[in-house]
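Since every read-out is calculated from the coordinates, none of them should be taken as a lab result. What you are looking at is a predicted structure, and each value in this text was computed from that prediction instead of being measured. Note that each Cβ is placed from the backbone with ideal geometry, even for glycine, and that neighbours are counted across all protein chains shown.
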Amino acid sequence: MRDLMRSLSVAFVLGLFVASPVSAAETSKQHRVAMHVDQNDPDVMKLALNNAKNVIEHYQSRGEDIVVEIVAYNGGLHMLRSDTSPVKDRIKEMVGQYSTRIKFAACNNTIHGMEKREGHAIPIIPEAFIVSAGVVELVELQEQGWSYIRP
């Protein structure tokens, strides 16, 4: 009887491993990175894009999931303005290449402030989406476990 119970226990444990294989996707971690750009400085904008590209390519090469969100507010909103962005062509290229891995958030508070100062609507590139407040977006992403990187 003891041998029968031992055999059944071993068979049960082995059956668990055979019956529920774990794929690499199930064991790999999803990496989520939030960055911000708050300066109207093309070098800072390019650095943020370079950092995003490097992170995406690193984890992609390992077969791991990665999402990067760049949040632009204050002077950094120029990064996402279709009329003033020095990097809009590169953003379009990166979204085309990494469509599910990179996102761009534009601060609505900054948009309204710029509209008031400049006296006209502020056009945002189609690759970006608008959030109510850039700083709040960063807080909420971090509260959801996103890693925060400052370029």
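Observations
- 29 Å Cα-Cα reach of residue 88 towards lysines, excluding residues that sit fewer than 8 places from it in its own chain: 46, 53, 103, 116
- Fraction of alpha-carbon pairs over 23 Å apart in the stretch 24-149 - percent: 29
- From most to least packed by mean Cβ count within 10 Å, the peptides 65-73, 91-99, 104-112, 140-148 give 65-73, 104-112, 91-99, 140-148.
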